[in-house]
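A short write-up of the structure that comes next.
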Amino acid sequence: MTKKTKTSQAACADRHSLYQNSVQDTEAELDFVADIFKQLNGRQLRLLREDFCGTANTACDWVKRNKQNLAIGIDLDEEVLEWGRQHNHAQLKPEQQQRVQMIHGDVMQPPATQVDAVLAMNFSYYLFLERATLRQYFRRVCQSLQADGVMFMDAYGGYEAHQEMEEERDCEDDDIGEFVYIWDQHRFNPINHHMNCQIHFKFPDGSRINKAFNYNWRLWSLPELQEILAEAGFSRVHVYWEGTDEATNEGNGIYAVETEGEADAGWICYLVAQK
Ligand SMILES: C[S@@+](CC[C@H](N)C(=O)[O-])C[C@H]1O[C@@H](n2cnc3c(N)ncnc32)[C@H](O)[C@@H]1O
C-alpha cells in the first residue's frame with residue numbers, strides 16, 4: 001500500500017497572489033491618487049505610469065475604473081510581469097486590456113510617453129541606495145511628466161523602522177483561505193540605513209513560505225526625500241500624513257498635507273511631488 005502524502009498549504013500557495021492579498025490595497029491607493037490629482041490640477045487623471053509594477057495589479061485596476069483611463073506598468077522582472085499578464089491583465093475585458101501596457105524594462109530608462117502621474121508604491125524606490133542614483137531616478141520621473149504631472153510615492157518610518165523585528169498580520173486569499181503575513185525587518189544598519197527586509201507567509205497547517213520576497217533597501221528619511229525631489233526638479237513637494245481616529249488612537253486612513261506629524265512608533269505616509 002502506498003502512503004498518502006498530503007500536500008502542504010505552502011506548496012499549493014502562490015506567492016504573488018499572497019502578496020497582492022496582504023500588501024496591496026489598490027482601491028484605496030487609486031482613490032487617493034485620483035482625488036489628489038483632481039484637487040491639485042482641477043482635471044481628471046487619465047494616463048498613469050506604475051513604476052516597479054510587479055504584477056501590474058494597480059495598473060490593471062486603474063483601467064477598470066473609467067473607459068478613458070490608460071496605464072503603463074514597468075518592471076525589471078519578467079517572471080512577475082508574466083504572472084501579472086496571466087492573472088491580472090487576462091482578467092480584463094479585451095477593450096480594457098488595450099489600455100494597459102506592461103513593459104519589461106528599467107525605470108531608469110522609461111518610455112518617452114509623457115504621463116499625468118507616476119506611482120512608485122510600497123517603498124520600491126528604497127532599492128536605490130545612493131543619493132545620486134535616487135535623484136537621477138526622480139529626475140527621470142520629472143522629465144516623464146506632463147506640465148502639471150504629479151509623482152506619488154509612499155514612505156515609512158518611525159522608531160520601529162530602525163528595529164530588527166517581525167510583525168504578523170492575519171490575511172485571506174481566495175484560493176488558499178486564511179494565512180499569516182510576516183514582515184521581517186531582518187537587518188538594519190544605523191550607520192548607512194541599509195536594511196534587509198523579508199516577507200514570509202505561514203499557514204494554518206503549520207507550513208511556511210520563508211523569504212517569499214527579499215528586499216535590500218535604504219531607509220530614506222522624509223527630509224532627505226523632500227530635498228532630493230526638489231533637487232531633481234520638482235517644484236512642490238507635499239507630505240500627506242495620516243489622521244488619527246479619536247476613539248482608537250490609530251490611523252484613520254485619511255491623509256492630509258501636514259508639516260508637523262506625531263512621533264509615532266511606525267508610520268506610513270504619501271509624498272506627492274508636482275512637476
Ligand atoms: C516591492 S516590489 C513592488 C511591487 C508593487 N509596486 C507594489 O506596489 O506592491 C518591487 C518591484 O520592483 C522591481 N524592480 C526593481 N528594480 C527595478 C528597476 N530598476 N526598474 C523596474 N523595476 C524594478 C522588482 O522586479 C519588483 O517587482
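State the number of residues belonging to the stretch 139-148 that are open to solvent by less than 80 Å² (accessible area, probe 1.4 Å) and either assigned to a helix (DSSP H, G or I) or touching a helix residue (DSSP H, G or I) at 6+ places or on another chain (Cβ under 8 Å) (or both). Walk me through it before giving the result.
Quick first cut of the stretch 139-148, residues open to solvent by less than 80 Å² (accessible area, probe 1.4 Å) only: 140-142, 144-146, 148.
Filter once more, keeping what is either assigned to a helix (DSSP H, G or I) or touching a helix residue (DSSP H, G or I) at 6+ places or on another chain (Cβ under 8 Å) (or both): 140-142, 144, 148.
Of the residues in the stretch 139-148, 5 are open to solvent by less than 80 Å² (accessible area, probe 1.4 Å) and either assigned to a helix (DSSP H, G or I) or touching a helix residue (DSSP H, G or I) at 6+ places or on another chain (Cβ under 8 Å) (or both).
Does Gly158 meet the test of being surrounded by fewer than 16 Cβ atoms within 10 Å (Cβ to Cβ) and within 9 Å of the ligand (Cβ to nearest atom)? So Gly158 fails the test.
Residues that are closer than 20 Å to Asp35 by Cβ and either at pLDDT below 95 or away from the ligand (no atom under 15 Å from the Cβ) (or both) number at least 1 in the following helices (runs of 4 or more DSSP H) confined to the stretch 46-138: 57-65. Restricting the stretch 170-201 to residues that are acidic (Asp, Glu) and in a loop (DSSP other than H, G, I, E, B) leaves a set whose member that is surrounded by the fewest Cβ atoms within 10 Å (Cβ to Cβ) is Asp174. Please specify each residue of the stretch 232-260 satisfying the condition of being surrounded by 14 or more Cβ atoms within 10 Å (Cβ to Cβ) and more than 24 Å from Leu30 (Cα to Cα). Result: Ala232, Gly233. Residues in the stretch 153-174 that are farther than 17 Å from Val23 by Cβ and in contact with a helix residue (DSSP H, G or I) (Cβ under 8 Å, 6 or more places away or on another chain): Gly157 only. Summed over the stretch 5-28, the residues that are part of a helix (DSSP H, G or I), open to solvent by 20 Å² or more (accessible area, probe 1.4 Å) and near the ligand (Cβ under 10 Å from one of its atoms) give a count of 2.
The values are calculated or read from the model by the stated rules, or taken from the named source; none is laboratory data. This is a predicted model, so every value here is computed, not measured. Please note: Cβ atoms are built from the backbone with ideal geometry, for glycine as well, and neighbour counts cover all protein chains shown. Surface accessibility is based on the protein's heavy atoms, side chains included, excluding ligands, DNA and RNA. Shrake-Rupley method; radii C 1.70, N 1.55, O 1.52, S 1.80 Å.
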